[in-house]
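The values are calculated or read from the model by the stated rules, or taken from the named source; none is laboratory data. If you're wondering where the values come from, they're calculated on a predicted model, not measured in any experiment. Cβ: placed from backbone, ideal geometry, glycine included. Neighbour counts: every protein chain shown. With ligands, DNA and RNA removed, areas are computed over all heavy atoms of the protein, side chains included. Shrake-Rupley method; radii C 1.70, N 1.55, O 1.52, S 1.80 Å.
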Amino acid sequence: MSWREDAKHRASVEAARLVEDDQIVGLGSGSTMYYLIEELGRRIREEELRICCIPTSKQTESQARKHKIKLTTLDKHPQIDIAIDGADQVDSNLNLIKGKGGALTREKIVDSIARFLIIVVDETKLTDHLGLMQPVPIEVMPFALKPVMNRIKKMGGEPVIRFATKTASPSSTEQYFTTDNGNIIIDAEFGTIKAPKKMEMELKMIPGVIENGLFVNMAHRVYVGMKSGAIKTVNKEEAFLQ
Ligand code: 5RP
């Protein structure tokens, strides 16, 4: 196992400890969440926890089902005790870029209503400022693709349509990557993002944009798996004091 996989694994095990009996738990998506779900599955079996989870993607749902993790919906449980998720970039204020896996819209819905949002990353995801070497994923209704691309260019961004990999599901339209919601992803390079909240709102206002991958002022705590083997924990309050 590479040091990054090991770091993601260890940080996920640490984060999974926060889940308590009888809680409603939001489950993020991505390769880090794989380790989290494995650990949660183990805890549920061994400790007989009675938790209910809300998955943010079909992939997460399928892994949770393999572990017989009880699933629920936002209709039944519109409030979430704790959500645990990965991220593509984390800045010093715990603002995030998410969506490399394409699950950003459901992730933002679930993460935004969690009383406690925990993010798990390895140390390569840490940055002083969001956007450097990291595009912002934007979920777009296929009908609005070209006008949305034009608006992003006007904002100073460089939009690139995400294509499906060869192994992606055949439901992908014209080889574009298709989200679980049937939409397209644009990855937009903006360079360093000086005002993430302003950009999040601007992107949100473009007709045809379903959601964007800027998650500002949402995370309460980040577990960082370090190359050294340590796990660093950063809380929101501490982050603002830096
Ligand atoms: C999916 C996400 C993921 O949480 C993010 O891409 C991190 O993934 P990984 O743990 O594989 O690095 O936002 O939409």
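Highest mean packing first, where packing is the average number of other Cβ atoms within 10 Å per residue, the peptides 179-188, 212-221, 60-69 line up as 212-221, 179-188, 60-69.
Sequence-ordered 3J(HN,Hα) estimates for the range 179-189 from the Karplus curve with 6.51, -1.76 and 1.60 and θ = phi - 60° stand at 6, 4, 9, x, 10, 10, 10, 9, 9, 10, 7 Hz, glycine and proline given as x. For the range 136-206, pairs of C-alpha atoms spaced more than 16 angstrom apart make up 47 percent of the total. Averaging Cα coordinates gives a centre for the range 190-242 and one for the range 115-157; these two points are 10 Å apart.
Each peptide in 101-111, 12-22, 78-88, 121-131 was scored by the mean count of other Cβ atoms within 10 Å over its residues; highest first, the order is 101-111, 78-88, 121-131, 12-22.
Heavy atoms of the protein chains alone define the surface here; on that basis the range 136-206 has 59 Å² accessible area per residue at 1.4 Å probe size. Computed from the C-beta positions of residue 74 and residue 1 and an R0 of 35 Å, the FRET efficiency is 0.50 to the nearest 0.05.
Across the chain, C-alpha contacts under 8 Å between residues 6 or more apart give a mean separation that, scaled by the residue count, equals a relative contact order of 23 percent. Round to the nearest 0.05 the FRET efficiency obtained for residue 66 and residue 158 when R0 = 51 Å and r is the Cβ-Cβ distance. For residue 66 and residue 158, the calculated efficiency is 0.85. Remark on the chain: ratio of C-alpha radius of gyration to 2.2 N^0.38 Å is 0.99. Surface composition of the chain: carbon and sulfur make up 53 percent of the accessible area, probe 1.4 Å.
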